[in-house]
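S.K.: First, the structure itself, so that you have it in front of you.
The values are calculated or read from the model by the stated rules, or taken from the named source; none is laboratory data. The shown structure was predicted, so the numbers you read here are calculated from the model rather than taken from an experiment. Because the Cβ atoms are built from the backbone with ideal geometry, glycine has one as well, and the counts that use them run over all protein chains shown. What goes into the accessible areas is simple: the full protein's heavy atoms, side chains included, and nothing from ligands, DNA or RNA. Shrake-Rupley method; radii C 1.70, N 1.55, O 1.52, S 1.80 Å.
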Amino acid sequence: MRFPQIPEDCCNLWESQKVMKPANFNPPTRVLMGPGPSDAHPRVLQAMARPLIGHLDPEFIRMMDQVKAMLQATLFTQNHLTFVVSAPGSAGMETSLVNLLEPGDECIVCINGVFGGRLADIAGRCGALVHTVNTEWGKITEPDQVKAALTKCSKPKLVALVHAETSTGALQPIREISELVHAAGALLVVDAVTSFAGVRLHMDEWGIDALYSGSQKCLSAPPGLSPVSFSDAAIKVLDSRKTKVQSWFLDLSMVKNYWEGSKRAYHHTAPVSAIYAMHEALALVVEEGIENRWDRHRAVHLHLKSQLEELGFRFVVEEDYRLPNLNAVYVPDGVDEAMLRSRLLQEYNIEVGGGLGAFAGKIWRIGIMGESCTMNHVNMLTGALRYLLP
Ligand SMILES: *Cc1c(COP(=O)(O)O)cnc(C)c1O
């Protein structure tokens, strides 16, 4: 096909658009070792090329039920309200809070990085009175801090915390805090965006009432979906609300009729192809075995750690609370981190993440998540660094 040439005297945008050639875009093949998205398995990418079917087609509903069953198995939960929100991890965060909080409710949010701060922001927007437990970035929230907050705020509706703080690389122990939270009669809300399918996580055994995750971290599916799960205690709170959930789209009392029951009702048009990808990504997790997957993240992390330390990087988080899949490290002294990151991308096609907030310009966040968690990924990155470092 031939396209007319832009006439030389054409200076009118409308005229030039009429003759513009169709644009095309071919993304480069990168090695994704940042804080997400991670590399996707070819089977996950191919899943998205399957034919579209209606989102109320019985075959689609059969597939949604499989997604739900695989999520329940890999989260170690029996919660029947377990499904995928049609929007990214932040929407899972928002779903958890807008449904459980009403104006005037009190809640406690633990903040030790960017995502704890985001939880507090959303809780405040719900009209809740938010008590924050603030901890230095890179550290974890101690049970004693939560205990102290619970004595000041005796009847909180919920306590929210981040399991894997992607901005600092800290892995938060949950069980002890969970006991304190339940003894106070509150619900426990956990951000498992970066932890799910990368590190040990037992939703029911740990007493988590509301959990949300993301598709693009250790699940290695495309960004844009958020697996969520709610306990019966959380559903009870939801059912006894006095006010309407202020978000129409995220109101669980309506969305749940699309994801469960014998009569599925239209709520919104589900992102059909993205859910094909989620299904395939979960199938890969089940094939590997969730526990083997946790072990793989641990083993690859130890290899990365020894390589990085040889190159002069230092870890931000103390060893006991280090997240294996998201490695936050101080760049060696005298190195221009932004320049080095840019050369890794331009010359080696390797993406690593820079620091957020207080850590901007100081640290790197190296993700080894899901498909990006292999010894070869580590060797590629550290091999390139050996050439690039002064
Ligand atoms: C990535 C991330 C989110 C947000 O997920 P999006 O898909 O970017 O909206 C929330 N919490 C944590 C801990 C994350 O790492």
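S.K.: Could you give the dipole magnitude of the stretch 42-286 about its Cα centre, charging the beta-carbon of Lys and Arg +1 and that of Asp and Glu -1, in debye to the nearest 20?
M.R.: Dipole size: approximately 360 debye.
S.K.: From Cα coordinates alone, what are the radius of gyration and Dmax values for the chain in angstrom?
M.R.: Final numbers for Rg and Dmax: 22.7, 77 Å.
S.K.: GNM on the chain, C-alpha springs below 10 Å: top fluctuator among R125, R62, R341?
M.R.: R62
S.K.: Sticking with this one: Using θ = phi - 60° and the Karplus relation 6.51 cos²θ - 1.76 cosθ + 1.60, list the HN-Hα couplings for the stretch 317-327 in order, rounded to whole Hz, with x at every Gly or Pro.
M.R.: Going residue by residue, I get 9, 5, 3, 4, 10, 7, 7, x, 8, 10, 9 Hz, with x marking Gly and Pro.
S.K.: Same structure again: From the phi of every residue in the stretch 266-271, what ³J(HN,Hα) in whole Hz does the Karplus formula 6.51 cos²θ - 1.76 cosθ + 1.60 yield, where θ is phi - 60° and glycine or proline is x?
M.R.: 4, 10, 9, 7, 5, x
S.K.: What lysines could a cross-link reach from K147, if we take a straight Cα to Cα line under 21 Å and drop same-chain neighbours fewer than 8 places away?
M.R.: Partners within reach: K139, K155, K157.
S.K.: Right, something else. Let me know the shape class of the stretch 27-96, please: from the alpha-carbon gyration tensor, a ≥ b ≥ c as square roots of the eigenvalues, rounded when a/c is under 1.5, otherwise prolate if a/b is greater than b/c, or oblate.
M.R.: Values: a/c = 1.88, a/b = 1.23, b/c = 1.52.
Oblate is the answer for the stretch 27-96, as a/c is 1.5 or above yet b/c matches or exceeds a/b.
S.K.: Sticking with this structure for a sec: Stokes-Einstein diffusion coefficient for the stretch 139-242 at 25 °C in a medium of 0.890 mPa s, Rh from the Kirkwood formula over Cα pairs: what value in µm²/s? Kindly include the intermediate steps, with their values, before the conclusion.
M.R.: Values: Rh = 14.4 Å.
Using the Kirkwood radius from Cα pairs, D works out to 170 µm²/s.
S.K.: Here's another thing I want to ask about it. If R0 is 45 Å, what FRET efficiency do you get for N376 and W248 from their C-beta distance, rounded to 0.05?
M.R.: For R0 = 45 Å, the calculated efficiency reads 0.50.
S.K.: What is the sum of charges around D239, taking Lys and Arg as +1, Asp and Glu as -1, for the other residues whose C-beta is under 12 Å from the C-beta of D239?
M.R.: Working: positive: K236, R241, K242, K256; negative: D232.
Cβ neighbours under 12 Å give a net charge of +3.
S.K.: What is the sum of charges around T151, taking Lys and Arg as +1, Asp and Glu as -1, for the other residues whose C-beta is under 15 Å from the C-beta of T151?
M.R.: My count for the surroundings of T151 gives 0.
S.K.: Would you mind computing, in nm to one decimal, how far apart the modelled labels at L56 and R298 are, each placed 7 Å from Cα along Cα→Cβ?
M.R.: Using points 7 Å along Cα→Cβ, the separation is 4.8 nm.
S.K.: What are the residues whose amide H is under 5 Å from the amide H of H267, where those residues sit 5 or more places off or on another chain and H is modelled from the backbone?
M.R.: none
S.K.: Sorted by packing (mean other beta-carbon atoms within 10 Å per residue), highest first, where do 148-160, 104-116 land?
M.R.: 104-116, 148-160
S.K.: A further question follows. About the Cα centre of the stretch 170-315, what is the dipole size in debye to 20, counting +1 per Lys and Arg Cβ and -1 per Asp and Glu Cβ, all else neutral? Could the numbers behind the result be given before it?
M.R.: Details: 15 positive and 17 negative charges, 96 e Å.
For the stretch 170-315, the charge dipole is close to 460 debye.
S.K.: Moving on. In this model, which of K217/K263; K152/K244; K217/K305 are farther than 22 Å apart at the alpha-carbon?
M.R.: In this structure, K217/K263; K152/K244 exceed 22 Å between Cα atoms.
S.K.: Let me ask another. Using amide H atoms built in the peptide plane, which far-off residues or other-chain residues are under 5 Å from N327 H to H?
M.R.: Correct list: I366, G367, I368.
S.K.: Using the heavy atoms of the protein chains and a 1.4 angstrom probe, tell me the accessible area per residue for the stretch 42-286 in square angstrom. Intermediate values should be presented prior to the final figure.
M.R.: Details: 9390 Å² over 245 residues.
Using a 1.4 Å probe on heavy atoms only, each residue of the stretch 42-286 averages 38 Å².
S.K.: Which percentage, to the nearest 5, of the DSSP beta bridges contained in the stretch 42-286 is antiparallel? Don't skip to the end; give the middle numbers.
M.R.: Working: 10 of 27 bridges.
The antiparallel proportion sits near 35 percent.
S.K.: Going toward the positive end of the dipole of the chain, with +1 on Lys and Arg Cβ and -1 on Asp and Glu Cβ, which of T132, N257, A283 do you reach last?
M.R.: Towards the positive end, the residue furthest out is N257.
S.K.: Could you please state, rounded to a whole Å, how far the C-alpha centre of the stretch 70-129 is from the C-alpha centre of the stretch 172-203?
M.R.: 12 Å
S.K.: A further question on this structure: Can you pull the percent of the chain's accessible area that's carbon plus sulfur, 1.4 Å probe, other chains left in place?
M.R.: Of the solvent-accessible surface of the chain, carbon and sulfur hold 54 percent.
S.K.: Sticking with this one: Using amide H atoms built 1.01 Å from N in the peptide plane, name the residues 5+ places from E165, or on other chains, whose amide H lies under 5 Å from its own.
M.R.: Those lying under 5 Å, H to H, from E165 are A170, Q172.
S.K.: Ranked by accessible surface with a 1.4 Å probe, highest first, in what order do V316, V285 come?
M.R.: Details: V316 30, V285 0 Å².
Greatest to least solvent exposure: V316, V285.
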